[in-house]
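The values are calculated or read from the model by the stated rules, or taken from the named source; none is laboratory data. This is a predicted model, so every value here is computed, not measured. When we count neighbours, we look across all protein chains shown, and the Cβ atoms used for this are built from the backbone with ideal geometry, even at glycine.
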Amino acid sequence: MAKYHVSTSINDEAVEFLCEPQQTLLDVLRDELQLFGSKEGCSSGDCGACSVMLDGRLVCACLVLGVEAEGRAVETIEGMAKGDQLHPLQQSFLEEAALQCGVCTPGILIAAKALLERNPNPTETEVRYWLAGNLCRCTGYDKIVRSVLAVAEEMRGG
Amino acid sequence: MELLPPFELLRPTTVEQALAWRLENPNSRLLGGGTDLIVNLRRGIGEAPQALIDLNQIDEMTVIAGDGAALRIGASVKLAALAAHPLVRAHYPGLAQAAASVAAATQRNMATVGGNLCLDTRCIFYNQSEWWRASNDYCLKYGGSKCHVAPKSKVCYATFSGDLAPALLVLEGEVEIIGRGGRRTAPLAELYSRDGRDYLSLAREEFVCSVTARAAPGLRAAYDKIRVRRAIEFPLAGVAVALARDGDKLGALRVAVTGTNPWPVLLEETAALCGGGVDEALLQRFDALLKAQLMAMKTTFTSGHYRRRAATVLARRLVRRLFDGGYMGETR
């Protein structure tokens, strides 16, 4: 089947790629563009390990077709740190030891960033609801939630 | 990990173009948000389509328009947009609650109104991987000849579990359908057949392009549901109630339930409950109506009995709270 030519922006950089219609955005990121930060967990939208931003909206890259990225802006974990400067959430996850194996971490960081952008002052309940689509089988969530709340406070200048 | 089968992707920009391609490709599937479809295609559930027709590029299908009395929602509107819309939140709180309660944020950002209304019915013997279903000799819904939920049954009991349908059914929802004969409107309840296998009453080429709702003056409506995890998951039972008070009497009552039957149930005979106050005697008659019309089978990991009880408790609770004080439900 003919490949589709897709023009998109990934982490603020114009990117063009060829993909087959049945390749998901996650397949494209990992297999065509060698961006291995977004992980494939369940491939059914349950685990959130492939969370990326599409035009400012948090989505599971495993459920979006690569062709659907045409003309849209994609943000992945690779764009989160600016050079050597980690995003405050990344720094906080390190400091609070909010990860063990790290497979869920890129998705959780992207999701947490999306939350703080729309709600800079979330309650613990709001953080837990927002991250409900991101499963972690190692740390038990407590440190993750604590990190997000700490960064929210820090970013508010608290 | 299972791979998606090959298909062609068609991206129409008008409803007419979508219909033309639908007619040319009888073996096509419609792509809304893909949050259910892509999962099912990957699991080999349903016929592998020649083409997917992406309905997200059609402007008229992405619009929410209306006022406090009537609302029109395009079928490609995202659930997150519906839940956040100021008009919907102000005048159709039950609908906003239903949209906000679907799965998790990542799904709501992609999933569409049309997709949720036309959500494939679900069953523990159906929503499984290819090897799981193959080793179980498939089932009546797809690929097999036996229903594992009710082995002697000739009909499929797979359960409808969309959250928007009940919230719209209690607001006199109507769907706009496009097909070979042009556009037509039908009461939302008529969109559903009562068979879990062929659960929609649409012709092969037809699709839903919008849905409307009405909010009569003084009507109070809310939606709530029970599920395994409160922040994600399909409903084990979901209930929408819309009622109006006439002084200290119940003036109007409409109730719809999802997660129990193969179709979203708009409860019949609720008019007989109106005209008096809301007391325990009335609620017991209400229980009896629900018990008679809900038919939860063991299509989830929880028992049908539990889901029917859960629906009854939710329905009672919503009626009481709406009658007492315009309960707005959980918001987040």
Okay, strands (runs of 3 or more DSSP E) sitting entirely in segment B:5-89 with 3 or more residues that are outside the structural domain of B:T112 (by TED's automatic domain parsing), I get B:8-10, B:28-31, B:51-54
Taking segment B:21-40, which residues are within 12 Å of chain A (Cβ to nearest Cβ) and either surrounded by fewer than 24 Cβ atoms within 10 Å (Cβ to Cβ) or aromatic (F, W, Y) (or both)? B:L37, B:V39, B:N40
Residues of segment B:134-146 being touching a residue at least 40 places away in the same chain (Cβ under 8 Å) and not hydroxyl-bearing (S, T, Y), in sequence order, are B:L140, B:K141
Mind listing whichever residues of segment B:252-307 are more than 23 Å from B:R229 (Cα to Cα), surrounded by fewer than 16 Cβ atoms within 10 Å (Cβ to Cβ) and free of Cβ contacts under 8 Å to residues at least 24 places away in the same chain? B:E269, B:A271, B:A272, B:D279, B:E280, B:A281, B:Q284, B:R285, B:A288, B:K291, B:A292
Just the residues that are basic (K, R), within 16 Å of the chain's Cα centre (by Cα) and in a strand (DSSP E or B), please, taken from segment B:209-246. B:K225
Picked from segment B:233-249 (must be crowded, with 20+ Cβ neighbours inside 10 Å and over 16 Å from B:R122 (Cα atoms)), the residue farthest from the other protein chains (Cβ to nearest Cβ) is B:L243
Filter segment B:236-271 down to the residues that are on the phi > 0 side of the Ramachandran plot and in contact with a Ser or Thr (Cβ under 6 Å, 6 or more places away or on another chain) and list them by number. B:G259
Out of the residues in segment A:43-97 that are out of contact with any strand residue (DSSP E or B) (no Cβ under 9 Å at 6 or more places or on another chain) and charged (D, E, K, R), state the one that is nearest to B:L3 (Cα to Cα). A:K82
State which residue is nearest to the chain's Cα centre (by Cα) when the search covers only segment B:247-278 and only residues that are of a type in the set (G, A, S) and in a loop (DSSP other than H, G, I, E, B). B:G259
Subset of segment B:43-62, residues hydrophobic (A, V, I, L, M, F, W, C) and touching a Cys at 6+ places or on another chain (Cβ under 9 Å), comes to B:L55, B:I58, B:M61
Quick one: which helices (runs of 4 or more DSSP H) sit completely within segment B:95-179 and have at least 2 residues that are in contact with a helix residue (DSSP H, G or I) (Cβ under 7 Å, 6 or more places away or on another chain)? B:105-108, B:113-117, B:164-169
Of the listed residues (A:A97, A:A73), the one being of a type in the set (A, V, I, L, M), at pLDDT 95 or above and surrounded by fewer than 23 Cβ atoms within 10 Å (Cβ to Cβ) is A:A73
Which one is nearest to the chain's Cα centre (by Cα), of the residues in segment B:42-80 that are at pLDDT below 95 and among the hydrophobic types (A, V, I, L, M, F, W, C)? B:I45
Find the helices (runs of 4 or more DSSP H) located wholly in segment A:21-140 whose residues include 2 or more that are within 14 Å of chain B (Cβ to nearest Cβ) and in contact (Cβ under 8 Å) with a residue 60 or more places away in the chain, and list them. A:105-118
Can you find even one residue in segment A:112-127 that is of a type in the set (D, E), surrounded by 13 or more Cβ atoms within 10 Å (Cβ to Cβ) and over 25 Å from A:T8 (Cα atoms)? yes
Identify the residue in segment B:41-61 that is out of contact with any strand residue (DSSP E or B) (no Cβ under 8 Å at 6 or more places or on another chain) and not aliphatic (A, V, I, L, M) and, among all such residues, is surrounded by the most Cβ atoms within 10 Å (Cβ to Cβ). B:R42
As an exercise: evaluate B:M295 against (1) at pLDDT 95 or above; (2) on the phi < 0 side of the Ramachandran plot and give the number of the one condition it does not meet. (1)
Tell me the residue from A:S38, A:S7 that is more than 25 Å from B:E8 (Cβ to Cβ), at pLDDT 95 or above and not aliphatic (A, V, I, L, M), please. A:S38
In segment B:194-225, anything within 20 Å of B:E60 (Cβ to Cβ) and either out of contact with any strand residue (DSSP E or B) (no Cβ under 9 Å at 6 or more places or on another chain) or hydroxyl-bearing (S, T, Y) (or both) is listed as B:S210, B:T212
